[in-house]
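Note sheet for the following structure.
The values are calculated or read from the model by the stated rules, or taken from the named source; none is laboratory data. Predicted model, so just to flag it, every value in this text is computed and none were measured. Methodologically, a virtual Cβ is constructed for each residue, glycine included, from the backbone with ideal geometry; neighbour enumeration extends over all protein chains shown. Quick note on the areas: whole protein, heavy atoms, side chains included, nothing else; ligands and nucleic acids left out. Shrake-Rupley method; radii C 1.70, N 1.55, O 1.52, S 1.80 Å.
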Amino acid sequence: MNLRMRRIECDVQKIIDSHGLGEGGEIQKYIDSEVLRLCEPYVPWDEGDLNDSGTLNTVIGSGKVVYDTPYARRWHYEPAEFQGAPKRGNYWFDRMCAEGGEEAILRGCVAIAKKMG
């Protein structure tokens, strides 16, 4: 039996970028935007400043969603009586993912990737 092998080298970063997966890529922009949108019903709410901080402090396409208020960390981890509870409350990203958000984002990513070819 003859066995032929050849080494194929690939540029992983080139593949990531060409499929819109890298920083600033179409899929990463979609993910960042959808995380903000799908988290909104879960974010603790008083006057909306915490939720608005996500929009103001996130660079869409960076791969980092940032909620930046003096109390963001506290309300993320510390249970409290939130307006709109029990849906609105701490661990909003984790709960959004657990309640179907992760799958929805992945389906959207697949649809975008298919359109990109």
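Okay, here's what the table says:
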item: Those GluC sites (Glu not before Pro) in the stretch 23-117 that DSSP places in a loop and that have at most 16 other beta carbons within 10 Å; result: Glu23, Glu47, Glu81
item: Distant-in-sequence amide H partners of Trp45 (H built 1.01 Å from N, under 5 Å); result: Gln83
item: Among Gly101, Gly61, Gly48: highest mean-square fluctuation, GNM of the chain, C-alpha pairs under 10 Å; result: Gly48
item: Karplus (6.51, -1.76, 1.60) ³J(HN,Hα), θ = phi - 60°, over the stretch 69-85, in Hz, Gly and Pro reported as x; result: 9, x, 10, 4, 4, 4, 6, 6, 9, 9, x, 7, 8, 8, 4, x, 5
item: Linear extension gain, Leu3 paired with Glu81, 0.36 nm per residue minus alpha-carbon span; result: 21.4 nm
item: Additional length obtainable on full extension of the chain from Tyr71 to Arg107, 0.36 nm per residue less Cα span; result: 9.7 nm
item: Estimated vicinal HN-Hα couplings, Hz - the stretch 35-48 in sequence order (Karplus 6.51, -1.76, 1.60; Gly, Pro = x); result: 4, 4, 5, 6, 6, 3, x, 9, 5, x, 9, 10, 10, x
item: Heavy-atom SASA rank of Cys97, Cys39 (probe 1.4 Å, accessible area, largest first); result: Cys97, Cys39
item: The stretch 28-79: trypsin sites (Lys or Arg not before Pro) in DSSP loop, at most 15 other beta carbons within 10 Å; result: Lys64
item: Glu99/Asp11 FRET efficiency (R0 30 Å; Cβ-Cβ; nearest 0.05); result: 0.20
